[in-house]
Amino acid sequence: MGTELGNYKTCVSARSTNKKLLKHSQDGGIVTHLFAFALDEGIIDGAIVAVSKEFALKNPSKCMAFNPTLDDLEPWRPIPAIVSTKAELLAAAGTKYNICPNVSLIKEATRSFGLDKVGIVGTPCQMQAVRKLQLYPIGARDVGASIALAVGIFCMENFPYQSIVQLVEDHAAMKMEAVKKMEIGKGKFWVYGKRGQIVQLPLKVTHKYEQPGCHVCLDYVANLADISTGSVGSPDGWSTVFVRSKIGDSVWAKAVAAGAFEIQPIDKVKPGLELVSKLANEKITKNRATLEERKTFGVGKALRNPYI
Amino acid sequence: MVDKITVGHIHMSGCTGCLVSLADNYGGLLTILDRYADLVYGLTLADVRHIPKMDVALVEGSVCINDKLSVEEIKQTREKAAVVVAVGGCACYGNITRFARGGQQNQPAHEAYLPVGDIIKVDVYIPGCAPTPQQIRNVCVMAYLLLKGTKEQKELATNYLKPLMMAAQRGTTACFCDLMTEVINQGLCMGCGSCASACPVRAITHEYGKPQGVRDLCIKCGACYNQCPRSWFSFDVVPAYEAINEAIMAALQ
């Protein structure tokens with residue numbers, strides 16, 4: 001195909017040079033350190049990220065009131081929030097593996113939160129949403145030009161919250177509150193307990209719990225982000241980073257010059273770009289097939305195709 | 001400049017918020033009027049009584065079918081304009097005027113209002129309440145490129161306007177229910193949050209990452225449905241966001 005990785009200016013394997021940060025981060029700490037750097041430099045004055053109940057209760061004014069109220073948020077259920085300090089960023093670090101509607105805060109960020117330069121992290125579909133609202137700002141007055149840094153994360157599919165409960169509590173037989181970290185890698189879904197126990201589930205088990213809306217998505221590596229990142233392609237503890245837009249290029253160059261990241265050329269690391277391409281093609285091929293199937297789903301009745 | 005397009009603003013039953021939105025482009029509006037478009041008709045803005053021939057008609061508001069003059073003028077608009085653009089929720093989908101029941105002074109019998117597309121054929125939609133200054137600006141620039149641009153510019157403008165033309169063909173209702181029936185029920189929602197941020201009346205929240213609408217709050221403006229990346233999404237246009245944004249900004253320099 002050749003287009004599965006989208007347009008990018010550079011691609012490297014990288015990790016944060018901040019050891020403390022790496023303890024909290026999912027892989028190379030790219031998103032957290034990038035936003036921390038952008039905050040320091042005044043490139044952004046706040047970022048929309050996914051936070052947990054603990055954060056929300058401590059900083060209710062940083063979240064939009066969701067129903068049920070913050071008190072009822074379950075463990076590992078993320079909600080979008082706007083962070084503006086390093087400490088807040090650290091508290092939000094790590095992947096949650098279920099849906100967090102970050103774009104829902106994008107307008108509010110420029111209104112009651114008063115941001116002029118907004119950072120946002122999100123999945124490939126959320127990056128598509130961000131770019132659509134910049135080009136077709138139907139309900140996003142004066143928002144598009146305020147988006148100063150959009151960081152995308154690689155995404156094969158996402159899960160509804162209840163799916164994660166099903167996987168952790170039923171399949172992995174662990175309590176949600178006892179989980180320290182979740183991870184998808186090396187063909188497995190990993191659940192790390194706070195007491196040190198590790199449970200791995202074959203990815204096959206997880207497929208039926210995936211969010212159905214993900215099955216029409218044709219983007220694996222957040223092609224429309226300024227900078228996109230994910231673990232795939234890089235060694236453990238490192239992340240693969242695609243620098244895509246002019247904004248991304250300028251921010252990344254500054255961050256690297258400031259010593260925020262250690263970098264290795266992507267063609268020098270294992271498993272490298274080949275694996276990223278392979279997985280991207282797998283996702284795109286599978287989901288193109290889903291779109292095809294939708295055309296003849298019923299008897300003379302098609303399911304909608306959103307793509308023009 | 002000889003090569004300007006001619007534009008008119010047709011005011012049906014609306015609150016003038018769409019016109020204010022157009023004006024909220026400030027310097028950008030002046031540049032548009034300087035270089036790309038002559039305003040040939042517009043309530044309070046152009047001293048013209050009858051709807052003249054024009055390239056683009058920007059129609060604001062829905063049509064009161066109990067008001068003879070409104071019906072006549074909207075029909076004239078279709079005859080006189082090459083391209084009819086429905087600007088804003090009322091013109092596209094009825095919006096708040098759907099809830100009108102008449103009984104207002106000084107003509108209580110004016111009670112039935114229809115989106116423009118129920119009376120005449122509409123070419124392009126700009127939904128939203130109010131439609132954003134940037135969306136109106138983008139359509140104005142693209143309309144100019146479509147009518148007066150080079151071959152490449154025409155192609156870009158065609159691609160850009162296509163989804164908004166398809167929105168016009170799709171019909172005259174869009175509200176939170178359309179998100180349900182055409183996105184969520186169709187298994188397409190992935191919980192990005194666009195709808196909630198687009199909603200001007202905060203009728204949409206997310207429960208467990210999926211949109212829930214308070215349907216009694218919904219004013220039927222169509223912003224959520226059209227902002228949703230899974231209602232329509234153009235791979236011809238959106239991935240070129242950087243170049244297109246730059247082109248629009250350059251056009252307004």
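Here are the numbers for the structure shown:
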| item | result |
| --- | --- |
| Residue satisfying condition, being more than 24 Å from B:HIS206 (Cβ to Cβ), touching a Leu at 6+ places or on another chain (Cβ under 6 Å) and not assigned by TED's automatic domain parsing to the domain that holds A:ILE106, within set A:GLY196, A:GLY187 | A:GLY187 |
| Of residues in segment A:113-141 being over 19 Å from B:PRO133 (Cβ atoms) and small (Gly, Ala, Ser), the one surrounded by the most Cβ atoms within 10 Å (Cβ to Cβ) | A:ALA129 |
| Selection status of B:THR150, more than 12 Å from every other protein chain (Cβ to nearest Cβ), of a type in the set (S, T, N, Q) and in contact with an Asp or Glu (Cβ under 8 Å, 6 or more places away or on another chain) | no |
| Those helices (runs of 4 or more DSSP H) lying entirely in segment A:1-92 with at least 1 residues away from chain B (no Cβ under 14 Å), under 29 Å from A:GLY237 (Cβ atoms) and at pLDDT below 95 | A:19-24, A:53-58, A:86-92 |
| B:TYR241 vs. criteria in contact with a helix residue (DSSP H, G or I) (Cβ under 9 Å, 6 or more places away or on another chain), among the aromatic types (Phe, Trp, Tyr) and in contact (Cβ under 8 Å) with a residue 60 or more places away in the chain | no |
| Leading residue by the ranking (surrounded by the fewest Cβ atoms within 10 Å (Cβ to Cβ)) among those in segment A:199-229 that are of a type in the set (S, T, N, Q), within 14 Å of chain B (Cβ to nearest Cβ) and out of contact with any Leu (no Cβ under 9 Å at 6 or more places or on another chain) | A:GLN211 |
| Residue that is β-branched (Val, Ile, Thr), closer than 23 Å to B:PRO200 by Cα and either in the same structural domain as A:PHE189 (by TED's automatic domain parsing) or surrounded by fewer than 19 Cβ atoms within 10 Å (Cβ to Cβ) (or both), where the choices are A:THR10, A:THR110, A:THR17, A:THR69 | A:THR69 |
| Hits in segment A:255-271 (condition: under 23 Å from A:ASP219 (Cα atoms) and either in contact with a Leu (Cβ under 9 Å, 6 or more places away or on another chain) or crowded, with 18+ Cβ neighbours inside 10 Å (or both)) | A:ILE266, A:ASP267 |
| Test set (1) more than 17 Å from B:VAL124 (Cβ to Cβ); (2) in contact with an Asp or Glu (Cβ under 7 Å, 6 or more places away or on another chain); (3) not aromatic (Phe, Trp, Tyr) - B:ALA91 fails condition number | (1) |
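The values are calculated or read from the model by the stated rules, or taken from the named source; none is laboratory data. All values derive from a computational prediction rather than experimental measurement. All Cβ positions, even for glycine, are placed from backbone atoms using ideal geometry, and neighbour counts span all protein chains on display.
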